[in-house]
Amino acid sequence: MAKPGRKPVLDEGKRREIVAILSVGGSQTTAARYVGCAVATIQNTADRDPEFAKQFRRAIGDNEINLLRYIRNAAKKEQYWRAAAWALERGFPEKYARRGPDVITADQIALLLAEVASMIQDLPEEYRKQLAKRMDALARRMGCKLPRSTGDDSP
């Protein structure tokens, strides 16, 4: 015999509506508003009900895949080149995303540091070694590698 208790806020019909809204790209907020519950209720229900959680995740994933498919299909047509540009910007942001005028990339910083390191070689040896160590440490903290000189006097 089932325990008596509070009736679930999300009955089967509301769960189906939530999944349908999510599958066409609606947000959890929109779905919650539509069925008359809080967003947390949807998440709590998914946490308690593995079948609903599976449908919930699938609806979100299917929608994403469908949108990507639409973009890819549109990008196949030359007049819809913006779809391809959009996909490149989001799929490979380090190469194709727009950057503001005050944003520099890690590669640009590495190039700058390599140029400064090259200038250091014109300094007296005592200063050069000290600066080279500090530049190497800075490059490591930034996750960059400075190119090494092949000359005998490299620091």
message: When the residues of the range 135-146 are narrowed to those that are without any contact (Cβ under 8 Å) to a residue 12 or more places away in the chain and loosely packed, with under 11 Cβ neighbours inside 10 Å, which ends up nearest to the chain's Cα centre (by Cα)?
response: Arg141
query: What is the one condition in (1) surrounded by 10 or more Cβ atoms within 10 Å (Cβ to Cβ); (2) over 30 Å from Arg72 (Cα atoms) that Ala97 does not satisfy?
result: (2)
statement: Being loosely packed, with under 13 Cβ neighbours inside 10 Å and of a type in the set (Phe, Trp, Tyr) narrows Trp81, Trp86 down to just Trp81
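FYI, it's all coordinate maths here, none of it is from the lab. Treat the numbers as computed from the prediction; the structure is a model and nothing was measured. Don't worry about glycine lacking a Cβ; one is built from the backbone with ideal geometry, like all the others, and counts go over all protein chains shown.
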